[in-house]
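Engineer: Sharing a structure, written as structure tokens. Questions coming.
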Amino acid sequence: MIGASTVFPAAIGALFALLMLVGGAPLGMLAAGALAFAVYIVTQPLRGLLLFCLLAPALPWMTITLGARITTSEAILALTWVGVFFQWLGGKLPPWPGNPTERAMMRFVAWSIVPLVAGQFMVQAEGVGPVNWVRWLLNVSPVFLVPLLTPDQRTRDRLLLCLLLGFAGLLAISLSFFFMGRDPMRMVAFLTALHYARPDAIQDILTADPTRMASPWVHPNSTGGALLLAVPLGMFYAVVQHGWRRALGLFVAVGGAAGIVFSGSRGALLSLGVFVAWLAIKKTPYAGRGLLLALLLAAALLALYPPAQQRFASLFSSNDVSTGVRFEEYLHFPEAVVRYPLGMGFKADTPATANGVYGISNLWLNYWYKLGLPGMLLFIAVTTAWWRQVRMPGSFAVVNADNGMRIATTGTVLAALATGFIDHYFSFTQVLISLFWLILAISLQTAKAPAPSPTSVARP
């Protein structure tokens, strides 16, 4: 009987020979490099997940064309799933995740087929719904990849290290461009060289307000959302690690907090405050003093940094454009859900304004908009099941290696959900949502780890 270990090399060899025959040596050599990369991931899919953690935070929307244009991050996830499939054929995978959160997620994904089909007929727009749906599936798939590929603490530690290195790369790029000069065209040229799609749209976004820090996440609010995921992880990683890993965690935490301020993302800044307040309520060591220090630093920044003053003042301004748009979105939302009772689906992105129908800057209502009311309720069911598995009763009076990253990952997801009251980017924003679901999956895995023994508990 021919096994998976025989079929895969034979298929690769046949494909390479075909490319050499059709395209000649140049195409053959290029294909050889691509195939070698594919083999590197497919033979050990954990490598793909680790590579995704390195690349996705720093260069999320760098693209390649595989028939359709797709981000490199999503392509790596796809290759990782190919590797998972071959491991499954060889009987090397652990059982399929079957905890309450994963079961709720399967129901959520299954329902998405209904708005996918409905949207193909009801939405009058250009777009290929099935392709967008598959890309969305790739973005939510870390919920299942993490338990399949990181069943032990050692591999989860490698995963977190790669994720923090990816966020450090994002900060190195963004802060370097920010301090070298405020000309957003430098970032446009950099991202265009990395094959980012729609350079014209990138230019429009980055030049709209040059005082806000540009980054590979393009829109300042998406930058703030990405850094909101980074700061809690970096903060607690620094507490539980030593040496250069502690320095890495501190850089991500401090640099990420500064990046949120420089990006002018009000939602991310407020949600970061909610996270620190949650730590203070749970009596986490130094959280109260950290909250006070953050308030003092914020006050100093507001006094010394005029762009921050303008963004903060806009919170209380009746003339703020983004606030006005949000009120218009809520006003027109009933019309939107009546027009798409089964959800808008995946044929087109939720519009800001298109054909008289507005989008919605709310995480849960955006799920309703895209996947219908059942889709929103199923998403709530997923997060409810997650919370029941990861919640940590009592105080956090002791933080150490046994519980530090559990607190960090749980708090990160809570902070991301808090942004949902004023923005929607953790619902369907490609790659950003994959990081959200990745961290949610890590929090589930850390919650399933054995409880710390009393002898291992020590104050930091």
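Engineer: Separation between the Glu335 and Phe421 pseudo-spin-labels, each 7 Å from Cα along Cα→Cβ, expressed in nm?
Structural biologist: Each label point lies 7 Å from its Cα, and together they span 2.8 nm.
Engineer: Another question about this same structure. Please arrange Arg107, Arg156 by how many other C-beta atoms lie within 10 Å of their C-beta, fewest to most.
Structural biologist: Ranking Arg107, Arg156 by Cβ neighbours within 10 Å, fewest first, gives Arg107, Arg156.
Engineer: Here is a follow-up. Per q in 0.10, 0.13, 0.14, 0.15 1/Å, what log10 I(q)/I(0) does a Debye calculation on the alpha-carbon atoms of the stretch 96-456 return?
Structural biologist: -0.65, -1.12, -1.30, -1.47
Engineer: Based on a Kirkwood Rh over C-alpha pairs, give the Stokes-Einstein translational diffusion coefficient of the stretch 217-265 at 37 °C and viscosity 0.692 mPa s in µm²/s. List each step's numbers first, then the result.
Structural biologist: On the way: Rh = 10.6 Å.
In µm²/s, the coefficient rounds to 309.
Engineer: Find how many whole Å separate the alpha carbon centroid of the stretch 117-146 from the alpha carbon centroid of the stretch 171-238.
Structural biologist: 26
Engineer: Using a cut-off of 9 Å between beta-carbons, work out the net charge of the residues near Asn362 (Lys and Arg +1, Asp and Glu -1, Asn362 not included). Intermediate values should be presented prior to the final figure.
Structural biologist: Numbers: positive: Arg326; negative: Glu329, Asp423.
Here the charged neighbours net out to -1.
Engineer: On full extension of the chain, what length is gained from Leu304 through Tyr286, given 0.36 nm per residue of separation minus the C-alpha to C-alpha distance?
Structural biologist: Using 0.36 nm per residue and subtracting the Cα-Cα distance, I get 3.9 nm.
Engineer: Between Ile113 and Thr211, take the C-beta separation as r, use R0 = 41 Å, and let me know the FRET efficiency to the nearest 0.05.
Structural biologist: 0.40
Engineer: Name the shape class, rounded, prolate or oblate, that the alpha-carbon gyration tensor gives for the stretch 35-142, where a ≥ b ≥ c are the square roots of its eigenvalues, rounded holds for a/c under 1.5, and otherwise prolate holds if a/b is larger than b/c and oblate otherwise.
Structural biologist: oblate
Engineer: Hey, another quick one. What is the spin-label model distance, in nm, from Ala172 to His195 if the labels are put 7 Å beyond Cα along the C-beta direction?
Structural biologist: Once both label points are built, they end up 2.2 nm from each other.
Engineer: Quick check: pseudo-label points 7 Å beyond the Cα along Cα→Cβ at Arg246 and Asp349, how many nm apart are they?
Structural biologist: Result for the modelled spin labels: 4.2 nm.
Engineer: Suppose R0 equals 22 Å. What FRET efficiency, 1/(1 + (r/R0)^6) with r the Cβ-Cβ distance, do Val131 and Ile64 give to the nearest 0.05?
Structural biologist: With a Förster radius of 22 Å, E is 0.90.
Engineer: What is the fewest-to-most order of Leu304, Leu279 by other Cβ atoms lying within 10 Å of their Cβ?
Structural biologist: Least crowded to most crowded, the residues run Leu304, Leu279.
Engineer: Can you pick out the pairs among Lys283/Lys370; Lys282/Lys448; Lys347/Lys448 whose Cα atoms lie more than 31 Å from each other?
Structural biologist: Beyond 31 Å between Cα atoms: Lys283/Lys370; Lys347/Lys448.
Engineer: Quote the FRET efficiency, to the nearest 0.05, computed for Leu373 versus Asp204 with a Förster distance R0 of 30 Å and r equal to the Cβ-Cβ distance. Could the numbers behind the result be given before it?
Structural biologist: Numbers: r = 34 Å, r/R0 = 1.13.
E(calc), rounded to 0.05, equals 0.30.
Read-outs: derived from the displayed coordinates by stated rules, not from any lab. All of these numbers come straight from a predicted model, not from anything done at the bench. Cβ coordinates were reconstructed from backbone atoms using ideal geometry, including for glycine residues, and neighbour counts include every protein chain displayed.
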